[in-house]
Structures are given as C-alpha cells and as structure tokens.
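The values are calculated or read from the model by the stated rules, or taken from the named source; none is laboratory data. These numbers were taken from a predicted model, which means no experiment stands behind them. Because the Cβ atoms are built from the backbone with ideal geometry, glycine has one as well, and the counts that use them run over all protein chains shown.
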Amino acid sequence: MILSIESSCDDSSLAITEIKTKKVIFHKKISQELEHSVYGGVVPELAARLHAEALPKILKEAKEFLPQLRYVCATTHPGLSVSLVEGVTMAKALSMALNIPFIGVDHLLGHIYSLFIEKDEKLPLIVLLISGGHTNIFEIKAYNEHTLIAKSMDDSFGESFDKVSKMMGFGYPGGPIVEKLAEEVQSSNCKFTVPLAGRKDIAFSFSGLKNQVRLSIEKQEFSFEEIAYTFQQTATKHLLKEVKKVFVQNGTKDFAIVGGASANQYVRDEFEKLCNEFDKTLLTPKMEYCSDNAVMIGRYAIEKILKDTN
Ligand code: KG4
Ligand code: ZN
C-alpha cells in the first residue's frame, strides 16, 4: 500500500491506496474552508497551523495500515510553501521511521490523475485544468510526456469565482456559491464581454471580467443572481473559445476537465456540447475528487512506481 498526503492549500488530506489494484483503502480530508471564509481567501499562516493540527489527527485514524505501507508520497509543488512543508515533513518522517521510499508529487499531475482513480491510465489526452491557482490546457501524450498549451495571464478561473463571491459579500470558496446564485435565473439583460476576444493565440485572462463584475455590482442595475449568471456564462464561454482552438488543430480523441472548478455543472454541460460537436469524448473526475485530495496524489505516485521500476 501507499500512503499519500495533500496539504498544498487549505485541505488536509490523507489516503491509503493498494498499489496493485489501485483500490482506495482509506481516505479522509479535513477542509479549512470555514476558518478561511471570514477572510475571503486562504491565509497561508493559518493554513499551515491547521495542517499541523489535522494531519497527525488523520494519521492516527489510519494507524492500522502502517505496517502494510511500501511507499509514502506527498505533494511537493506548486502550492503555499508553508502549507506544503507540513505534508512533506510528515511524509519524510514516515519514510524514515518505516524505512520506505518517499515520492514527491506535482499537484497538477495529481489533478490529472484524479481521472484515473481506481482505474487504469487512459492516454493521450487534452486536459483543461481549472482550479484556484491554475487555468491551463495540457496535451498529455503519454506518462510524463506533457506539453503546456495555454495558461492564464492573470487570475485563474476558480479564483475569479472566489473574487466575485467576495465582492458580493459572500464566503470562500466562491465557486459553489456563485454557481448556486447563477442557477436562480434563466436569462438576463446583464452583459459582459468575453475576455481576449479576437485573439488568435490560445490564452486565458479573467481579471478584466472580474472588473466588469465589480463595476456592475457598483451600479446596482442587476441582482447578484443575474450578475452571477452572466459572469459564469461569460467565463465559461472564454474557456470554450480557447479549447475550441485546440480542438481545431489537435485530433486527440479524449478531452478532460480537472481541478476544483471541474465540479461546476454548467461548465460540464457546456463542454459536453462542445465535445459532441467535435466528436470528442469528455472525461471528468468523480465529484468527490475534483477538489484537492490525497487520493489523486497517491494515484499519480502509483503510476510513477509502476512505470519507473519497469
Ligand atoms: O483544485 P482546488 O480544490 O484547489 C486548487 O488547486 O486551487 O480548486 C479550488 C478552486 C476554488 O477557486 C473554488 O472556488 C473553485 O475551485 N471551485 C469552483 C466550484 N467548486 C470549486 N469554481 C466554480 N464552480 C464550482 N462549482
Ligand atoms: Zn488543486
């Protein structure tokens, strides 16, 4: 079995997976959303202190499996350094104490492998990663053969939902809050322009859209529900427009959306339509594995163990 630890942002998560079968044996996550909510975003020092409390607590619950561990892994990057160090230190201490190897895992590859939890890897793949820290399109040709096709020039997709929620005086994380508000209306006269319209290259930008939302809130012409509806629609149109450019030039059959914001049902429905139009197959992680979790970190480490030792 492999023990995996995720502590890159505001979720303390630990999982144990059987390497041969990829079966998840144990998974627990303690989220810090409530503690950060009052600040409208993640406070790094608070996150680190809460990880230091939560991780040993979860490890105690998984104590019975410790003798069966053959590897231990943790997210090493990218993320908040003071948070990452909590998980990495615990993983390295376990590695020494149990005399088993430590594997460092890239958080973004973890999100991509959230697609393959309890399943075999299925590549090649075009992936749209939408999280609180990133909005990236990757081409994954094979294990460890990935190319970054596009990224955001400023805010990420998830972050823009967090900021819109904050501007409206609601909590963190903003994604589910804004999605819920948007579901309350079916149409609106509120209009925002789609970012980077008319550009030929593939890129993302959400800070201009955020400013359009701020001005609209200040003008008080539309309800929060209408603004949320138009914001979600416009931000998603931007994602669709950029991904469409990739579809036109790249024949890869499978397309996936991963990351915390891939839990958004409107985004999933819109990409389902685009994939049908281009004869692509849409892959998404199970809802419980969209946001940060240790299972996906363990799943990537398993692939590494299987591929790098053969
Ligand atoms: O992947 P994740 O858990 O953490 C990072 O690696 O950043 O993603 C968290 C982000 C937050 O910005 C959150 O607001 C966003 O994902 N998110 C959503 C939804 N659920 C979470 N954004 C839009 N719609 C959602 N339903
Ligand atoms: Zn993440």
Step by step: first the residues of segment 245-262, then only those that are in a loop (DSSP other than H, G, I, E, B) and surrounded by fewer than 24 Cβ atoms within 10 Å (Cβ to Cβ), then the one that is farthest from ligand 1 (Cβ to nearest atom). Which residue is that? 251
Look at residue 30 and say whether it is closer than 22 Å to residue 108 by Cα, among the aliphatic types (A, V, I, L, M) and touching a Ser or Thr at 6+ places or on another chain (Cβ under 8 Å). yes
Quick one: count up the residues across segment 35-60 that are farther than 27 Å from residue 72 by Cβ and outside any helix (DSSP H, G or I). 5
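Looking at 234, 193 in this structure, which one is more than 23 Å from residue 133 (Cβ to Cβ) and either of a type in the set (S, T, N, Q) or within 23 Å of the chain's Cα centre (by Cα) (or both)?
The match here is 193.
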Would you mind telling me which numbered condition in (1) at pLDDT 95 or above; (2) within 16 Å of ligand 2 (Cβ to nearest atom); (3) surrounded by fewer than 19 Cβ atoms within 10 Å (Cβ to Cβ); (4) under 30 Å from residue 168 (Cα atoms) residue 46 fails? (2)
Please tell me if residue 74 is within 21 Å of the chain's Cα centre (by Cα), outside any strand (DSSP E or B), within 16 Å of ligand 1 (Cβ to nearest atom) and not acidic (Asp, Glu). no
As an exercise: evaluate residue 20 against (1) outside any helix (DSSP H, G or I); (2) within 16 Å of ligand 1 (Cβ to nearest atom); (3) more than 21 Å from residue 288 (Cβ to Cβ); (4) not β-branched (Val, Ile, Thr) and give the number of the one condition it does not meet. (2)
How many residues does segment 267-310 contain that are of a type in the set (Phe, Trp, Tyr), within 16 Å of ligand 2 (Cβ to nearest atom) and either in a loop (DSSP other than H, G, I, E, B) or in contact with an Asp or Glu (Cβ under 8 Å, 6 or more places away or on another chain) (or both)? 1
